[in-house]
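Have a look at the structure below, then the notes.
The values are calculated or read from the model by the stated rules, or taken from the named source; none is laboratory data. In this text, all values refer to a predicted model and were calculated from it rather than measured experimentally. Reconstructed Cβ throughout: ideal geometry from the backbone, glycine too, with neighbour counts over all protein chains shown.
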Amino acid sequence: MPARPLNATAASLLGFLHDGPMTGWDLVTVAEQRIGAFWSLTQSQVYRELSAMAAAGLVRAGERGRRDRQPYEITEAGRAAFAEWAARPPAAETIRFPLLLTVLFGRHLPADRMAAFLAQHRAAHAERLAGYEQVAAALPEDADAMDPYSVATLRFGLAYERAVLDWFDGLPPALGAPAAEPGNTPGTEGRPTGDAED
């Protein structure tokens with residue numbers, strides 16, 4: 001067992017290693033795909049945590065393979081440490097939304113500059129929502145075949161991006177708010193809608 005409780009970054013890596021051995025590069029890729037939208041992980045963090053967990057006996061390093069990449073597998077001690085982490089109440093979320101800081105002090109910016117910022121960020125959120133909707137549309141029709149935990153996470157992403165787009169579309173014209181794209185109303189695509197199933 002580790003001398004101190006796992007941090008969330010280390011725990012997420014152990015969570016992925018439950019699926020089988022992975023190299024540091026594999027973990028970077030999987031983390032970006034599966035949690036990158038709500039939990040940032042850098043490549044240096046991944047390798048630093050793997051090294052620390054190997055020293056603590058939570059993961060076991062295998063033989064180096066192609067491109068000198070080394071696979072890691074979770075140990076029984078790692079599974080126990082992960083289970084202990086998962087049983088702890090999650091910490092309260094901390095929202096960091098840089099655009100909101102800019103909007104708060106927007107009176108110090110030229111109107112066209114603010115309009116450009118808003119348009120850029122709205123487009124980014126619309127693109128992210130479209131990506132989530134593509135994932136949702138590809139889900140199997142059989143609800144029993146779906147991982148309910150992954151679906152719940154996807155639904156949060158859908159609901160969040162739709163809420164942010166609603167916020168953009170409700171901004172007063174004085175802020176130079178971008179107009180919603182015709183026929184692209186948030187929340188019209190994909191099977192999971194963010195509402196609980198009966």
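Structure data summary
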| item | result |
| --- | --- |
| Enumerated helices (runs of 4 or more DSSP H) restricted to the range 1-70, each holding at least 3 residues that are more than 25 Å from residue 152 (Cα to Cα) | 43-55 |
| All positions within the range 150-198 that are modelled with pLDDT under 70, surrounded by 14 or more Cβ atoms within 10 Å (Cβ to Cβ) and under 14 Å from residue 133 (Cα atoms) | 186, 187, 189, 190, 191, 192, 193, 194 |
| Residue list for the range 39-64, restricted to those being closer than 13 Å to residue 23 by Cα and in contact (Cβ under 8 Å) with a residue 24 or more places away in the chain | 46, 49, 50, 59, 62 |
| All positions within the range 1-40 that are under 22 Å from residue 128 (Cα atoms), at pLDDT below 90 and either small (Gly, Ala, Ser) or crowded, with 18+ Cβ neighbours inside 10 Å (or both) | 36, 37, 40 |
| Residue match in the range 166-183 (condition: within 20 Å of the chain's Cα centre (by Cα) and in a helix (DSSP H, G or I)) | no |
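Table: residues versus (1) touching a Lys or Arg at 6+ places or on another chain (Cβ under 8 Å); (2) at pLDDT 95 or above; (3) surrounded by 10 or more Cβ atoms within 10 Å (Cβ to Cβ).
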position: 77; (1), (2), (3): no, yes, yes
position: 81; (1), (2), (3): no, yes, yes
position: 86; (1), (2), (3): no, yes, yes
position: 92; (1), (2), (3): no, no, no
position: 96; (1), (2), (3): no, no, no
position: 102; (1), (2), (3): no, yes, yes
position: 109; (1), (2), (3): no, no, yes
position: 117; (1), (2), (3): no, yes, yes
